[in-house]
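For reference, the structure is listed below as structure tokens.
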Amino acid sequence: MTNNKYVLDWINEMAELTQPDSIVWIDGSEEQTEALRAEACRKGEMIKLNEELLPGCYLHRTAVNDVARVEGRTFICTRKKEDAGNINNWMDPKECYATLTELFRGSMKGGPMYVIPYSMGVVGSDFAKIGIELTDSLYVVLNMLIMTRAGKTVIDALGDSPDFVKGLHARAELDEKKRYICHFPEDNTIWSVNSGYGGNVLLGKKCFALRIASWLGRLEGWMAEHMLILGVEYPNGEIKYVTAAFPSACGKTNLAMLIPPEIYRKQGYKVWCVGDDIAWLRIGKDGRLWAVNPENGFFGVAPGTNEHSNPNALAATRKDTIFTNVCHNLDNNTVWWEGLDNNPPHNALNWRGEKWDYTKYDKADKVGTSGAHPNSRFTAPAKNCPCVSSEFDSLTGVPVSAIVFGGRRAKTAPLVYQSTSWQNGAFVGSIMASETTAAAAGAVGVVRRDPMAMRPFVGYDMGDYFGHWLEMGKRIPNPPKIFHVNWFRTDADGNFIWPGYGDNMRVLLWILARCEDKVGAEITPIGYVPHAEDINVEGLDGVTVDTVRELLSVDRESWLEDCKNIRDFYAQIGERVPAEMYEELKALEERLQK
Ligand code: GTP
Ligand code: SPV
Ligand code: MN
């Protein structure tokens, strides 16, 4: 498919190592893709679902020990340890290549090696970057064909350039003790072995578009962020764009596809989705910050997605979608997950592929008793989404009015607040914390600091990353305003107080009104907080201005407690945390103590 000698030499070298029977180039044609789907079904890697109810849809189950990203097995392999920083796992590149070479050796024997040329971003746009993933997994191929722009057009666009990210993936033995997700930013290289799950193996996503891209962004003066991108359309047709960084499984997909409450819909408000997980941000010629979504599909959390919470996401999954680790309804050969509806299938297989008894479901042991794994996912083409933005394929992206940070905090963080400057906003991002979710292996529900929702995804030192944020702020003539939200405050019984989902529109509109100086705010020690009356509660059941007031309250004691934790976390990041961040922290503490 190409004469590019950098590509060909590298593929030959990797094929010598992994020893596949054949090399199959993925061209992106519907004909080849359909043949590969059929082959995946023949090999038992995919199950074809009901063609009438879910046309073009498939079910895949990963190994039981391989159901989420594995942060403990994810490494940044820079020559100098300091460049990877204290928050990342680090391995010496030479040592890492040597160890993984032995794991890859002969790993593709008996089957083909697929060569997937893919572009993150619209092929031909200045934003786009090219990668090639070599893999032994048809699941990876079929997912990458949805999640990225892949095939012949990409290899043509690369021409004879050496500028591409080299990705190598093999499932090998799926041995979790030998699982490695390794990044070599100095070599533009990613090696992933012994996993077959999503973020560990779809190398264009977290590995390239965040870890490698964040490294490139720092060198080249742009940003790669774990952010959704949405457009709010006003009744007069004007559209304002917002990006938002929430940790994994904290509501990006839901916010990105929000359907406004009826009171707003009636007036003509709409929300358009540009992206649900990753944003690449650059300074435009007009001095504003511009965002593109480098992906071409959604790898979204299935549980909780339903006709009420996120009808747009649900609609996106009704055709040409791959479901991973959901429950299989054998009666009609469709899929189900917790929170889809109140009718769990009676004749079904759980995410492990075992006969499933819905009556045994125990909220306290979701992984053990649920039909779908808590981190089960759908891979759906972006173009399936009813609210996909007309700017989705734009070469330049969209101009950003507001950047929003947020996490799951039962207490402390108010519903929304605004930072007082770019520097203060970067500080607000740096002190983000959230309760952990099933998106990564490990305990769920533990508060951990997750700066800018990028803790697992920054490809270099976290202190340097903060520095890059500050540097970007100095270079953007007309920067977005920076906010923080929390949809997850709970009452004494542990129930969420704020209704969330579509009603988050009420908060978005306050945020955008602030960006245009159309609404006032109260200055508090942490920043600007809305006057409770300025969050519209019309049409909400049981939520009054008083509820909003409670949601907006700032408890000085718990914030001061948090400040101690932040100081410890900064110390853990190490000496590259910029002085400006410590100044912001000190000023915050002083305001809280006053
Ligand atoms: P990744 O794809 O892992 O990066 O996650 P994401 O941030 O896109 O998460 P997603 O939108 O899929 O949200 C996952 C979980 O958050 C689901 O359980 C949702 O039901 C829940 N969720 C999303 N929005 C809200 C909200 O406004 N309020 C509440 N209470 N829960 C929400
Ligand atoms: C996340 O965990 O933030 C995801 C899913 O978006 S994965 O692609 O598996 O990383
Ligand atoms: Mn994500």
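The values are calculated or read from the model by the stated rules, or taken from the named source; none is laboratory data. Bear in mind the structure is a predicted one, so any value in this text is a computation, not a measurement. We place every Cβ from the backbone using ideal geometry, glycine too, and count neighbours over all the protein chains shown. Just the protein is used for accessible areas: all its heavy atoms, side chains included, with ligands, DNA and RNA removed. Shrake-Rupley method; radii C 1.70, N 1.55, O 1.52, S 1.80 Å.
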Quiz item: Taking region 103-117 as the region of interest, how many residues are in a strand (DSSP E or B) and open to solvent by less than 10 Å² (accessible area, probe 1.4 Å)?
Solution: 5
Quiz item: Take the residues of region 366-395 that are of a type in the set (S, T, N, Q) and in contact (Cβ under 8 Å) with a residue 24 or more places away in the chain: which is most open to solvent (accessible area, probe 1.4 Å)?
Solution: Ser390
Quiz item: Any chance region 186-200 includes a residue that's more than 16 Å from ligand 1 (Cβ to nearest atom), open to solvent by 40 Å² or more (accessible area, probe 1.4 Å) and either assigned to a helix (DSSP H, G or I) or in contact (Cβ under 8 Å) with a residue 40 or more places away in the chain (or both)?
Solution: yes
Quiz prompt | First in region 248-272 and within 20 Å of His226 (Cβ to Cβ), second anywhere and of a type in the set (Val, Ile, Thr) and within 16 Å of ligand 2 (Cβ to nearest atom), Cβ under 6 Å, 6 or more apart | solution = Ser248/Thr437; Ala249/Val301; Ala249/Thr437
Practice problem: Being within 9 Å of ligand 1 (Cβ to nearest atom), part of a strand (DSSP E or B) and either open to solvent by 20 Å² or more (accessible area, probe 1.4 Å) or aromatic (Phe, Trp, Tyr) (or both) is the filter here, so list the residues in region 264-303 that pass it. | Solution: Phe298, Phe299, Val301
Quiz prompt | Matching residues in region 202-242 - criterion: being within 16 Å of ligand 2 (Cβ to nearest atom), closer than 30 Å to Arg514 by Cα and outside any helix (DSSP H, G or I) | solution = Ala224, Glu225, His226, Met227, Leu228, Ile229
Quiz item: Scanning for something acidic (Asp, Glu) and either in the same structural domain as Gly463 (by TED's automatic domain parsing) or without any contact (Cβ under 8 Å) to a residue 12 or more places away in the chain (or both), does region 205-222 turn up at least one residue?
Solution: yes
Practice problem: Among the candidates Ala410, Ala443, single out the residue that is without any contact (Cβ under 8 Å) to a residue 12 or more places away in the chain, more than 21 Å from Asn293 (Cβ to Cβ) and open to solvent by 10 Å² or more (accessible area, probe 1.4 Å). | Solution: Ala443
Quiz item: Within region 307-356, which residues are of a type in the set (Lys, Arg) and in contact (Cβ under 8 Å) with a residue 24 or more places away in the chain?
Solution: Arg318, Lys319, Arg352
Self-check item: Where a residue in region 31-46 is among the hydroxyl-bearing types (Ser, Thr, Tyr) and its partner, wherever it lies, is in a helix (DSSP H, G or I), with Cβ under 9 Å and at least six apart
Solution: Thr33/Val141; Thr33/Leu142; Thr33/Leu145
Self-check item: Candidates Asn306, Asn342, Asn310, Asn325 - the one that is buried (at least 24 other Cβ atoms within 10 Å of the Cβ), assigned by TED's automatic domain parsing to the domain that holds Ala372 and farther than 18 Å from Ala68 by Cβ
Solution: Asn310
Quiz item: Does Ser394 satisfy being outside any loop (DSSP other than H, G, I, E, B) and among the hydroxyl-bearing types (Ser, Thr, Tyr)?
Solution: no
